[in-house]
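Engineer: One structure coming up, written as structure tokens, with questions to follow.
The values are calculated or read from the model by the stated rules, or taken from the named source; none is laboratory data. Since the model is a prediction, treat every value here as computed from it, not as a measurement. Ideal geometry is used to build each Cβ from the backbone, glycine not excepted, and the neighbour counts take in all protein chains shown. When the accessible area is computed, the model is the full protein with side chains, heavy atoms only, and any ligands, DNA or RNA have been set aside. Shrake-Rupley method; radii C 1.70, N 1.55, O 1.52, S 1.80 Å.
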Amino acid sequence: MREMLFTGFLAVAAWQDAREKEVDAWLFVVFGGLIWFAKLCFDGPVDLGQEAVNLLPGLAMVAFSKWSGGALGEGDGWFFVVAGVALGWKKSIALFCIGLFLCCAWCAAVAMWGKVHRVPVRGKTVPFLPFVLPPLLWMLTL
């Protein structure tokens, strides 16, 4: 159930991120709460210490976003806080790394296209969450 809720959350968040380059805060609250509730209902008692560890990668990303002045989107960090609740810290980090690889490959292709066609692409921003959806779907099929 957590995985289905999280997949729905990612689909909506990725769509919003691609369209508006930001994700509404209410999505994090609503889906994070639903995922936590599903976890309590279907997985039984949880270890609060382990749950705190699951939140650390996302919270570190939020802190880095604040520290870097927004070089990394704060919404991406909050997304990975919810990912930690839904998937655990190991899968959350794997999801980040694979999504980052796909995003870097896309950006390299766009940079090469810009160079070939003499179109300036410096300073363009790329939404990150759409690159996280394919790895999540792949991870859930394993």
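Engineer: Can you tell me the dipole magnitude for segment 1-131 around its Cα centre, using point charges on the Cβ only (Lys, Arg +1; Asp, Glu -1), in Debye to the nearest 20?
Structural biologist: The calculated dipole for segment 1-131 is roughly 620 debye.
Engineer: Just to confirm the number: angle between the C-alpha axis of helix 74-87 and the first principal axis of the chain, 0 to 90 degrees, nearest 10?
Structural biologist: Once rounded, one gets 40 degrees.
Engineer: Within straight cross-link reach of K91, meaning Cα distance under 20 Å, which lysines are found once same-chain residues fewer than 8 apart are removed?
Structural biologist: Within reach: K39.
Engineer: Still on this model: Against the longest alpha carbon principal axis of the chain, how many degrees, from 0 to 90 and to the nearest 10, is the axis of helix 48-67 turned?
Structural biologist: Helix 48-67 and the main axis of the chain meet at about 30 degrees.
Engineer: Give the lysines reachable from K115 as a straight Cα distance under 27 Å; neighbours fewer than 8 places away on the same chain don't count.
Structural biologist: K21, K124
Engineer: Using a 1.4 Å probe, what is the accessible area per residue for the chain, in Å²?
Structural biologist: Averaged over the residues of the chain, the accessible area is 61 Å².
Engineer: Using only helices, what value at 222 nm comes out for the chain when you add -39,500 (n - 2.57) per DSSP H run of length 4 or more and divide by the total residues, to the nearest 500 deg cm²/dmol?
Structural biologist: The helix-only estimate for the chain comes to -26500 deg cm²/dmol at 222 nm.
Engineer: Also, quick follow-up: Place the peptides 46-54, 5-13, 98-106, 75-83 in order of packing, highest mean first, counting for every residue the other Cβ atoms within 10 Å and averaging per peptide.
Structural biologist: 75-83, 5-13, 98-106, 46-54
Engineer: Next question, about the same structure. Would you mind classifying segment 1-82 by shape? Square roots of the alpha carbon gyration tensor eigenvalues, ordered a ≥ b ≥ c; an a/c under 1.5 is rounded, otherwise it is prolate if a/b is larger than b/c and oblate if not.
Structural biologist: oblate
Engineer: Shifting gears a bit: What's the carbon and sulfur percent of segment 59-142's accessible surface, probe 1.4 angstrom, rounded to a whole number?
Structural biologist: The computed percentage sits at 73.
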